[in-house]
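Notes for the one structure printed next.
Just so you know, all these numbers are worked out from the coordinates, no wet-lab data involved. The model shown is predicted, which means the values in this text are computed figures rather than measured ones. All Cβ positions, even for glycine, are placed from backbone atoms using ideal geometry, and neighbour counts span all protein chains on display.
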Amino acid sequence: MAISYHFPDNIHVTSTLTIKLNNTNYLLWKTQFESLLSCQKLIGFVNCAVTAPPRTTSTTNNEEVPNPQYEAWFCTDQLIRSWLFGTLSEEVLGYVHNITTSRDVWIFLAENFNKSSIARKFTICRSLWVLEKKDMSFAAYCREFIAICDALSSIGKPIDESLKISGFLNGLGCDYDPITTVIQSSLSKLYPPSFGDVVSKVESFDTKLRSYSVPDSIGGRTGHIVTDCWNRFDHNYQRPDVAQVFSSLQISDGNDWVTDFGATAHVTSSATNLQSATTYNGNDIVQVGDVTFLPITHVGSTTIASTASKLSLNEVLVCPIMQKSLIFVSKLCDDLPCGVWFDSNKVCVVDITNQKVVGKGPRSSGLYVLGNQEFVALFSNRQCIASDDTWHHRLGHSNSQILQQLKNSKEIVLNKSINTSICEPCQMGKNSRLQFFSSDS
């Protein structure tokens, strides 16, 4: 009985198979191609169900003649081979263009590309199960999770809906345990929620969770509101950042200038210390004692005022990294002209023409400093020593630890009086509303 072979020469493979085989999509390509062969009843040509008939057949006279069934099989086999070649990328086609039958092409592709696709599947699945939200935003976590699921679908291995939901919930973390527990209990119902429903519910929970994460004004922590802060009635509690500010408290005057014989120019750290300044466009730099080179940003002039006169400083260089403003003594003497005298306690600048002192300054920490004497702060000595309660109010209601730090650094002086009273403004400031008044009704 003669066997007939189907020959669907009117099929446009490119319109049926939407992708070309490459190194990463073998499983998806194989699924589409098998569907095409199955619907045309040609799958047997590649899975060995249909074998090639003999090339020749014998006549009644025992003569070998071409077998018409082989020719029909060969035509159909070459049609499938052309379909295969039409769905391969140029790189893959270079491996199989010399293979003569569709079955051999199919087997070669399976042996060489199926392993890489399986390895890719395991890699993607592993990245899906180890994905955690951690510090990511909820939107970023959703995008990352869905992208991995799409990658599995692209290789023909879409993840099951229940496994997708389970993996999505496991990666959220303990902050989402309340909504995770509710969703997991609903998965056993007759109509469990879809993945889209789960994402929508978790997104609503995330919005509420972030609304609760506003730092309270007392402790600066998240996760609770001011009225629930455990430091609310702690009289000695102060936020750490405030304590750091007070502990680094020091008195500094940006108008102080240090006299220096070793300098070669007047130098300051900011253009705000100058009365007039222009941008420096030259190539010169300043070298300091540790062989560090500092850039020059501006050049200008200023004056140092005293009760008797003013000292003019010209061609002052601005180097932002400088710690102190320096006066080049030699240049100061040439510009006025003047003389500079030093003793164990102070420095004096004397105008040579009239022999008058035009500037003076104290010796501080081994440095002779000239400053603007018109900026003088006057205060009463009787306010230097005060009780801890007084200093508590003066320094913005800081706690006892801050006062102790300032006392140890000799910034303030406390007397020996002990006051254990509770500061009412501190307690009122840590409340969210005023206390209720008593009612007679």
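The slack between Q323 and L294, meaning 0.36 nm per residue of separation minus the straight C-alpha distance, is 9.3 nm.
What FRET efficiency, computed as 1/(1 + (r/R0)^6) with R0 = 22 Å and r the Cβ-Cβ distance, is obtained for E34 and E90, rounded to the nearest 0.05? Let's see the in-between values first.
Working: r = 23 Å, r/R0 = 1.05.
Approximately 0.45, to the nearest 0.05.
Amide H to amide H distances under 5 Å link L88 with L21, where only residues 5 or more positions off or on other chains count and H is placed in the peptide plane. Within the stretch 1-83, the GluC sites (Glu not before Pro) that combine a DSSP coil assignment with at most 12 other C-beta atoms in a 10 angstrom radius are E63. Once backbone amide H atoms are built at 1.01 Å from N, Y5 has no partners under 5 Å, excluding neighbours fewer than 5 places away on the same chain. Shape class for the stretch 13-119: prolate, because the ratio a/c of the largest to smallest gyration tensor axis (alpha-carbon atoms, square roots of eigenvalues) is 1.5 or more and a/b beats b/c. A Förster radius of 60 Å combined with the Cβ-Cβ distance from V65 to F122 puts the calculated FRET efficiency at roughly 0.65.
Between T278 and A49, the modelled label-to-label distance comes to 9.3 nm, taking each label 7 Å out from Cα in the direction of the beta carbon. Temperature 10 °C, viscosity 1.306 mPa s: under these conditions the Stokes-Einstein estimate for the stretch 131-211, based on its Kirkwood radius over C-alpha pairs, is 120 µm² per second. The 3J(HN,Hα) values that the Karplus relation (6.51, -1.76, 1.60; θ = phi - 60°) gives for the stretch 48-63 are, in residue order, 6, 6, 10, 9, 6, x, x, 5, 10, 9, 9, 8, 5, 9, 6, 9 Hz. Gly and Pro appear as x.
Rounded if a/c is under 1.5, else prolate if a/b is larger than b/c, else oblate: which is the stretch 257-370, with a ≥ b ≥ c the root eigenvalues of its Cα gyration tensor?
On the way: a/c = 2.07, a/b = 1.52, b/c = 1.36.
In terms of gyration-tensor shape, prolate.
If you filter the stretch 66-137 for trypsin sites (Lys or Arg not before Pro), then keep DSSP loop positions with at most 13 other Cβ within 10 Å, what is left? Before the final figure, lay out each step's value.
Numbers: sites: R81, R103, K115, R120, K121, R126, K133, K134; in loops: K133, K134.
Hits after loop and neighbour filter: K134.
Phi angles across the stretch 143-150 convert, under the Karplus curve 6.51 cos²θ - 1.76 cosθ + 1.60 with θ = phi - 60°, into 3J(HN,Hα) values of 4, 5, 5, 5, 4, 5, 4, 5 Hz, Gly and Pro given as x.
With the cut-off at 31 Å, tell me which of the pairs K331/K407; K20/K189; K133/K189 have Cα atoms farther apart than that. Flagged as over cut-off: K331/K407; K20/K189.
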